[in-house]
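Bear in mind that the values in this text are calculations on the coordinates, not laboratory data. Predicted, not measured: the structure shown is a model, and the values here were computed from it. Note that each Cβ is placed from the backbone with ideal geometry, even for glycine, and that neighbours are counted across all protein chains shown.
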Ligand code: SF4
Ligand code: SF4
Ligand code: FES
């Protein structure tokens, strides 16, 4: 193990610098923006977002540094010992000018606003840009508004996301989210000067591009130029529910935005496995919850309807109505029927005639209750778990290698690996957020070795 020798090894080193004439401390390598935030000084920022590489392109975050002629972007300037930083009138004037110019290019009707600000005459409809304009008391002069750029047409070709580049401030956050965080390389930056714009692949419509719909770009976009289709407009929801993605074992943390008791969108949350990232399943795969075909009552097969796969197949293909095969029942009736049949099998054929297979989707508590049912109700130890099938080889290898059949690290620890050996797994499809950490590692020089009969997507990075 690489345990630190002294507690001081764990303590980040600090440097002292001056912020608005006060002596403050920054962690070694920390930017002025982050250090100022920690000390309660909010500096506007638009192209900067936690978790993404600082790009320094918008210049909304400039500060004055004593002894330097030009203003410096605080999002990508490291605080060093002895530095004297001022959020001076000159700096604020420049910050306001940036915000005003960006705002002057915005469409009259935005795509992302918060009704809490709607009472204010300074409130706008352009997400973070409007928020900073509000906080800096910026109003766009009519003569600037008159110079508004040509407004690009909207692109709603994608089933889950809307592209409204008239609200784009070219902050590049989506490009970094797509290229550097998720390593999907779909979004790029094209053209020059006033015609610069983000593009999908070779300027394809988003819906016809190679986009895998992870939605990291909509989460990154500060203005609503890229938005989940379901949440264009007011960002006010009735409640936010923190949860864990129900789809795969990566265990990404997320927040459901709920309005009128329906999920309207999903945000990635900072969890140990995902650090705000999500994939298409976690971010957009929630419509099943409100699907009218979802079972809400138990169904019991009608007498005389044969148990042949064809009838089920017909239901799946919508070639038949469920009521031709099943009838609705109460929970009491359904449970009595199921338990009665199981009991009958046990009493007729003996305890060992029954077995139970639990699901990996269940919680620990559900797994515990399930084995309890089999052991005490069925009366046998014929109980197992689907993990035995799909993880048998890894459990054996883990037991031999690290002495435990369970994984011992967070999945994003692969970021620190020098070599990643992927055997018979297709992570970009099955565990996409886990795959992003592997791709990040490959980008910084780690080797991926893929052992698979097929060259899966991760093979592009191997
Ligand atoms: S689409 Fe959004 S995230 Fe991308 S550059 Fe424009 S404003 Fe920034
Ligand atoms: S990788 Fe995707 S499916 Fe798996 S937990 Fe994360 S968001 Fe959900
Ligand atoms: S936030 Fe610093 S340059 Fe954009």
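Enter the angle in degrees (range 0 to 90, nearest 10) between the Cα long axis of helix 432-443 and the first principal axis of the Cα atoms of the chain, meaning the one along which they spread out most.
So the inclination is approximately 50 degrees.
Highest mean first, how do 371-377, 50-56 rank when packing is the count of other Cβ atoms within 10 Å averaged over residues?
Top to bottom by mean Cβ count within 10 Å: 50-56, 371-377.
For a quick check: sort 281, 343 by the number of other beta carbons within 10 angstrom, fewest at the front.
Neighbour counts put them in this order, fewest first: 343, 281.
What's the exposure ranking of 348, 78, going from fewest to most Cβ atoms within 10 Å? All intermediate terms of the calculation are to be shown ahead of the outcome.
On the way: 348 8, 78 15.
If I rank by nearby Cβ atoms, fewest first, I get 348, 78.
Report the semi-axes of the equivalent ellipsoid for the range 28-176 in whole Å, largest first, where each axis is √(5λ) for an eigenvalue λ of the Cα gyration tensor.
29, 18, 14
Using the 10 angstrom Cβ neighbour count as an exposure proxy, how do 408, 243 rank, fewest first?
So the residues, fewest neighbours to most, are 408, 243.
If you take every DSSP beta bridge fully contained in the range 258-387, what fraction is antiparallel? Give it as a percent rounded to 5.
Counting DSSP beta bridges with both partners in the range 258-387, the antiparallel share is about 60 percent.
Averaged over every viewing direction, what's the projected area of the C-alpha convex hull for the range 215-300? Give it in nm², one decimal, please.
Projected over every direction and averaged, the Cα hull of the range 215-300 covers 6.8 nm².
Suppose we keep just the alpha-carbon trace of the range 9-75; what are its Rg and Dmax in angstrom?
Values for the range 9-75 (Cα only, Rg and Dmax): 12.4, 38 Å.
If only Cα atoms are counted, what is the Rg of the range 35-107, and what is its Dmax, in Å?
Using the Cα atoms of the range 35-107, the pair Rg, Dmax is 12.5, 44 Å.
I'd like the FRET efficiency for residue 404 and residue 137, computed as 1/(1 + (r/R0)^6) with the beta carbon distance as r and R0 of 41 Å, rounded to 0.05. Write out the running numbers ahead of the final one.
Details: r = 58 Å, r/R0 = 1.42.
According to the calculation, E is roughly 0.10.
Pairing the Cα long axis of helix 387-402 with the longest principal axis of the chain, what angle in degrees results, from 0 to 90 and rounded to the nearest 10?
Helix 387-402 sits roughly 60 degrees off the main axis of the chain.
Based on C-alpha coordinates, I'd like the Rg and Dmax of the range 409-461, in Å.
9.9, 27
Round to the nearest 10 and give me the degree value, 0 to 90, for the angle of helix 89-104's Cα axis relative to the longest principal axis of the chain.
Around 60 degrees separate the two axes.
Along each of its three principal axes, how wide is the spread of alpha-carbon positions in the range 119-216, in whole angstrom units, largest first?
Here the Cα extents, ordered largest to smallest, are 41, 25, 24 Å.
Direction-averaged shadow area of the convex hull around the Cα atoms of the range 252-312, nm²?
On the way: hull surface 26.8 nm².
If I average the Cα hull's projected area over directions, I get 6.7 nm².
Kirkwood Rh and Cα-based Rg: tell me the resulting Rg over Rh for the range 277-401, rounded to two decimals.
Here Rg/Rh amounts to 1.04.
Report, for the chain, the % of DSSP beta bridges that are antiparallel, rounded to 5. Walk me through the numbers before you get to the answer.
Working: 35 of 48 bridges.
Roughly 75 percent of the beta bridges in the chain run antiparallel, per DSSP.
If you count, for each residue, the other Cβ atoms within 10 Å and average over each peptide, how do 82-94, 222-234, 358-370 line up from highest to lowest?
Descending packing order for the listed peptides: 222-234, 82-94, 358-370.
For the range 349-462, what size does the Cα cloud have along each of its three principal axes, sorted from largest down, in whole Å?
58, 26, 25
For the chain, what does -39500 (n - 2.57) per DSSP helix run (n ≥ 4), summed and divided by total residues, give at 222 nm, in deg cm²/dmol to the nearest 500?
Value at 222 nm, helices only, nearest 500: -7500 deg cm²/dmol.
Let's test this: bin the Cα-Cα distances of the chain at 10 Å from zero up to the farthest pair and state each bin's percent.
4, 14, 22, 23, 18, 10, 6, 3, 0, 0
Express the Stokes-Einstein translational diffusion coefficient of the range 161-286 in µm² s⁻¹, to the nearest whole number, given a Kirkwood radius over alpha-carbon pairs, 20 °C and a viscosity of 1.002 mPa s.
It diffuses with D of about 142 µm²/s by this estimate.
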